[in-house]
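Just below is one structure, and these are the notes that go with it.
The values are calculated or read from the model by the stated rules, or taken from the named source; none is laboratory data. This one's a predicted model, so the numbers in the text were calculated from it and none came from an experiment. Every residue, glycine as well, gets a Cβ built from its backbone with ideal geometry; the counts of neighbours run over all protein chains shown.
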Amino acid sequence: MATQGNLDVLILGSGGREHSLLKACLRSPRVAKVRVAPGNGGMALEAECLEVDAANPAAVLALVRQTGSNFVIVGPEVPLAAGVVDALEAAGVPAYGPLAAGARLEASKAFSKDFMVRHKVPTASSETFRQLEPALAYVRRQSVPIVIKASGLAAGKGVVIATTHAEAEAALRDMMQAKIFGASGDEVVIEEFMQGEEASIMLMVCGEEYLMLPPSQDHKRVGEGDTGLNTGGMGAYAPTTVVTPEVERRLREEIIVPTLRGLKADGIDYRGTLYVGIMVTATGPRVVEYNVRFGDPECQVLMPSLETDPVQIMEDIALGRFRSASVKLRPGATIIIVLAAGGYPGEIRKGDVITLPVNLPAGVDIVHGGTKRQADGRVVTAGGRVLGVVAHGATLQEAAQRAYSVVPQVKFEGSHYRRDIGYRQLRRDGVL
Ligand code: AMP
Ligand code: GLY
């Protein structure tokens, strides 16, 4: 049995995902103390927020030495790709999240496509290019729609689904010539468009041992009915039955097992979250992309889905001793409705004062993302996805009713949100 409460945790990140990880730490009997860097306005009300350049492994290590933290949870991909966990582990500080070698699955789409081909993981067929002219010539020979991806990290914005050849060529010129994503566009992946419904599969991985959290669905478009521009995610829910028992069987056998075996075969000791974005197509589940961290906002609905202490799981994974058999999930469904700043996902308003409900009904919580606590104690908007209302219920319908009963009580100038989060599942459940 683990001893109680001796973890002194540092969480890296500042979004809704990290606020939900902070809440998990505050609930955890394993945790004696928790700090965050850099944090946000909501996290500042619950824990000490510190400054750090999280993309600089030496700076993170210096902060850990200064605070005496003995466990680090890394929220976003940038510090992982920069080798923060490598630096911490080398210094004897356990951390949750993969080493830089594993983080390449997200940091380089060219690498992840090559990985999937080598290990026979079903995905869209693709070609990788470093020169504009051959890329243009290739795209002209393909049918549309076609998908153009900057290989490197582009904060979720490096993917264009081109419906005409002109659009595809423009996307290639933007990425490879105008360098709108900088060096992330030095290499470009051009891939087949897959038809189907997407699901987010969050795995907590310890080598070949893994826990699959309930399959979730994100809503990436800003507008209702999945219209308008792409965003980081306007809401999410779990579980989703688009992953039927048969899809789940194929997902485990054809995608998860070959992926974890492939990592091992490539000499990568993967410990941390592996987010497998899948498309459930007519011929079975296929991988859209790998991410090496929890999804945001998926994390906010998945942390409350665990009955077992998530921090205990993360600690066991970091120490390489995780066994999934003992993990218990909570029955029911969880949803998050994201409230975005005026103008999002374009140019956003900032600095608007946020009014929050004084009391929350049972089963409802508020998770901050782009917020800031001012010196006068007021919490103001400071980012695109400002905050989210999270609710749990016996059914998704109940969870959605609970969440939407609170949403209008959260007020700030310019606020907007989608009224249809979870609609695909509510239709499947026959309640919409
Ligand atoms: P990614 O950053 O690779 O996840 O791509 C962002 C979004 O673009 C995904 O969540 C999908 O909605 C869409 N997408 C990416 N690749 C494909 C594909 N090959 N076929 C269809 N949709 C895709
Ligand atoms: N919600 C999608 C992502 O975190 O990438």
* **Any hit, the stretch 146-164, residues being among the charged types (D, E, K, R), over 28 Å from ARG385 (Cα atoms) and either modelled with pLDDT under 95 or more than 10 Å from ligand 1 (Cβ to nearest atom) (or both)** => no
* Asked: Do we find that VAL338 is part of a strand (DSSP E or B) and either of a type in the set (Phe, Trp, Tyr) or within 18 Å of PRO215 (Cα to Cα) (or both) in this structure?
  -> no
* Residue that is farthest from GLY383 (Cα to Cα) [pool: residues in the stretch 406-425 that are crowded, with 18+ Cβ neighbours inside 10 Å and touching a helix residue (DSSP H, G or I) at 6+ places or on another chain (Cβ under 8 Å)] -> GLN425
* the stretch 107-151, residues that are farther than 22 Å from VAL257 by Cβ, part of a helix (DSSP H, G or I) and more than 21 Å from the chain's Cα centre (by Cα) -> LEU132, GLU133, PRO134, ALA135, LEU136, ALA137, TYR138, VAL139, ARG140, ARG141
* **Qualifying position, being touching a strand residue (DSSP E or B) at 6+ places or on another chain (Cβ under 7 Å) and more than 11 Å from ligand 1 (Cβ to nearest atom), among ALA183, ALA199, ALA171, ALA178** => ALA171
* Asked: Taking the stretch 31-51, which residues are closer than 13 Å to VAL74 by Cα and surrounded by fewer than 19 Cβ atoms within 10 Å (Cβ to Cβ)?
  -> PRO38
* Return a yes/no flag: does the stretch 53-66 have any residue that is touching a strand residue (DSSP E or B) at 6+ places or on another chain (Cβ under 7 Å) and under 24 Å from LEU302 (Cβ atoms). => yes
* Could you list all residues from the stretch 67-87 that are closer than 22 Å to GLU48 by Cα and either crowded, with 21+ Cβ neighbours inside 10 Å or modelled with pLDDT under 95 (or both)? => SER69, PHE71, VAL72, ILE73, VAL74, GLY75, PRO76, PRO79, VAL84, VAL85
* To do: Could you tell me whether any residue of the stretch 278-286 is under 21 Å from PHE71 (Cα atoms) and surrounded by 20 or more Cβ atoms within 10 Å (Cβ to Cβ)?
  => no
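Condition check ((1) assigned to a helix (DSSP H, G or I); (2) in contact with a helix residue (DSSP H, G or I) (Cβ under 9 Å, 6 or more places away or on another chain); (3) of a type outside the set (Asp, Glu)) across all residues:
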{"site": "LEU153", "(1), (2), (3)": "no, yes, yes"}
{"site": "ALA168", "(1), (2), (3)": "yes, yes, yes"}
{"site": "ASP174", "(1), (2), (3)": "yes, yes, no"}
{"site": "LYS179", "(1), (2), (3)": "no, yes, yes"}
{"site": "ALA199", "(1), (2), (3)": "no, yes, yes"}
* Hey, does the stretch 39-51 have a residue that's within 16 Å of ligand 2 (Cβ to nearest atom) and among the charged types (D, E, K, R)? -> no
* State which residue pairs qualify: first residue farther than 30 Å from ARG250 by Cα and more than 16 Å from ligand 2 (Cβ to nearest atom) and inside the stretch 121-146, second residue at pLDDT below 95 and among the polar types (S, T, N, Q) in any location, beta carbons under 7 Å apart, and separation of 6 or more residues or different chains. => LEU132/GLN177
* Asked: Can you find even one residue in the stretch 88-106 that is crowded, with 24+ Cβ neighbours inside 10 Å, part of a loop (DSSP other than H, G, I, E, B) and not hydroxyl-bearing (Ser, Thr, Tyr)?
  -> yes
* Structure fact -> Filtering the stretch 211-261 down to residues that are without any contact (Cβ under 8 Å) to a residue 40 or more places away in the chain, in a strand (DSSP E or B) and within 19 Å of the chain's Cα centre (by Cα) yields ARG221
* Asked: Out of curiosity, is THR381 modelled with pLDDT of 95 or more, within 24 Å of the chain's Cα centre (by Cα) and farther than 28 Å from VAL292 by Cβ?
  -> yes
* Provide a single number: the residues in the stretch 280-310 that are assigned to a strand (DSSP E or B) and not aliphatic (A, V, I, L, M). => 7
* Looking at (1) within 30 Å of CYS206 (Cα to Cα); (2) modelled with pLDDT under 95; (3) among the β-branched types (Val, Ile, Thr), which is the only condition VAL358 fails? -> (1)
